[in-house]
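Taking it in order: structure first as structure tokens, then the write-up.
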Amino acid sequence: MSAEKFFTYRPERIFWCGFLLLSVLIGCVAALVGLPQMDETPRWSEPKRGKEVNKEFACLHVALSQSAGEVWSCPIPDLQRQVAFSLDPSRPDEANQSMQVSIRLKDSSSSQRFEVPCSIPLIYRNGILAFGTKGSPFRLELFRDREVLMGQVFVDDRSGEPFRLLFEENPIQTAQEFSENSPFRQLALGRWWGADLFYQTYIEEVLKHRIDLGSPLEARLIDVKVGDWLAFLEGEWKEISHVEEAQKGCIARVLSSSPSGLLIEGWEENRHIRLCLPEAAPLASKIKVEELFGSIRIRSDKQISCLLDKQCLIIKVNDWVVKTSDRWKILRKAEEKEAFLKGKLVGELFVLDQISNKQGQKSILGHMYNLARTQMTAVDVPVLGRRPASAYQQNSSELKGKVR
């Protein structure tokens, strides 16, 4: 009886059972569809934020200029990575020794010089920072704050945070960076041969550096010490004693020397310039010392006679013997020595220092110099003395006995 009641057919329950099954099915489908959508929500939001960032950054690559009735909403650009600052020394012959700063735009490789305080108009052209025209709403202002140089960027009536200027040294320029008619192009094309060892040894105990200017066929030597001044006068670089002699023209001075080159600074009008002349390949001497001297005879304690490249000469101690036009010439006149020191007379050089006598063996001591006088070779040649007359007589008697 109970089993019959349990399996009794009741048509009114069919609708509710079907509705319940359908609701459960719809809920499962909704759950399966909703979970992927929840996971995808961050993925869609991230690209949108990225586009917004790119849009804000793109604002920096347009020309910042005043348009009619248009107000810019782009952020204030940070120029510290795009601009290099260097203190630009004033010319030493200027009366007004003001603080001047050289500004170099790294992307465009252009530079200008400004006197602090100043307002520098700027502009972006095709995404590259460049100098603008006066009155530009985009500008960089330099000013002093308690003896500290500061910078601040302005766009229209808005401004960025002030920042302290970090200075770099002016870049070293090459000859190609100057115009064809610039005197500094001629100086940058010069050759540095090194220190004049002859001058340091025999004239004055200072280092004089030999600079060769002009084409190889028309080269002109200039000898300068560290701190010496040069000026471009009458179409060529010349040594001057005082910077006032330059008459406000191009001037330069030697700062230092190192294995990397000869460092020079100069001024073209008010523009400060730095150059570095690399050391040229040394001019090696073609003369072999062991084959140079022949038939050396000691005439006195301070004089010898010898064959020098088969040329008979009488040389005194401290004589300068220069080879010019395949002939050796002893420089004894003051004007000849002056011409040789100034590079007007060029040639390989031999200097007789002394005649030594060690344990009965005499020899001549001196030094050989190459054409540029930047390489030195010590000379120590023994003098082969004459054989005693008794030896000759003994040999002759022995020969005669043998002949007999």
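The values are calculated or read from the model by the stated rules, or taken from the named source; none is laboratory data. Nothing here was measured: the structure is a model prediction, and the numbers come from that model. Cβ placement follows ideal geometry from the backbone for every residue including glycine, while neighbour counts extend to all protein chains displayed.
Inspect all residues belonging to the range 265-287 and state whether any of them is among the small types (Gly, Ala, Ser), touching a helix residue (DSSP H, G or I) at 6+ places or on another chain (Cβ under 7 Å) and within 19 Å of Asp223 (Cα to Cα).
Within the range 265-287, the subset among the small types (Gly, Ala, Ser) is 266, 280-281, 284-285.
Next cut, touching a helix residue (DSSP H, G or I) at 6+ places or on another chain (Cβ under 7 Å) only: 266.
So of that shortlist, the ones also within 19 Å of Asp223 (Cα to Cα) come out as 266.
Yes, the range 265-287 contains a residue that is among the small types (Gly, Ala, Ser), touching a helix residue (DSSP H, G or I) at 6+ places or on another chain (Cβ under 7 Å) and within 19 Å of Asp223 (Cα to Cα).
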| query | Just one of Arg327, Arg297 is loosely packed, with under 13 Cβ neighbours inside 10 Å, assigned by TED's automatic domain parsing to the domain that holds Thr377 and among the charged types (D, E, K, R); which is it? | reply | Arg327
| Residues (on the phi > 0 side of the Ramachandran plot and buried (at least 17 other Cβ atoms within 10 Å of the Cβ)) located in the range 221-273 | none
| said: Test of understanding: among Ser325, Ser305, which residue is within 23 Å of Arg220 (Cα to Cα) and hydroxyl-bearing (Ser, Thr, Tyr)? | reply: Ser325
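Going by what's in this entry, would Glu115 be described as of a type outside the set (Phe, Trp, Tyr), farther than 17 Å from Gly160 by Cα and not assigned by TED's automatic domain parsing to the domain that holds Leu255?
The answer is yes for Glu115.
Restricting to strands (runs of 3 or more DSSP E) lying wholly in the range 249-342: which have 3 or more residues that are closer than 24 Å to Asp196 by Cβ and not basic (Lys, Arg)? Walk me through how you get there before you give the answer.
On the way: elements: 251-258, 261-268, 271-277, 293-300, 303-308, 311-316, 320-324, 327-331.
Answer list for the range 249-342: 251-258, 261-268, 271-277, 320-324, 327-331.
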| Residue in the range 101-110 that is farthest from Arg125 (Cα to Cα), counting only those that are of a type outside the set (Val, Ile, Thr) and touching a residue at least 24 places away in the same chain (Cβ under 8 Å) | Ser102
| request: Quickly run through the range 239-248 and pick out the residues that are of a type outside the set (Asp, Glu) and in a helix (DSSP H, G or I). | output: Val243, Ala246
| Restricting attention to the range 20-36, and to residues there that are modelled with pLDDT under 70 and of a type outside the set (A, V, I, L, M, F, W, C), which single residue is nearest to the chain's Cα centre (by Cα)? | Pro36
| remark: Per the filter on the range 138-154, residues surrounded by fewer than 16 Cβ atoms within 10 Å (Cβ to Cβ), part of a strand (DSSP E or B) and more than 32 Å from the chain's Cα centre (by Cα) are Asp145
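For Phe167, state whether it is under 30 Å from Cys250 (Cβ atoms), of a type in the set (Phe, Trp, Tyr) and surrounded by fewer than 16 Cβ atoms within 10 Å (Cβ to Cβ).
Numbers: under 30 Å from Cys250 (Cβ atoms): yes; of a type in the set (Phe, Trp, Tyr): yes; surrounded by fewer than 16 Cβ atoms within 10 Å (Cβ to Cβ): yes.
Judged against the criteria, Phe167 is a match.
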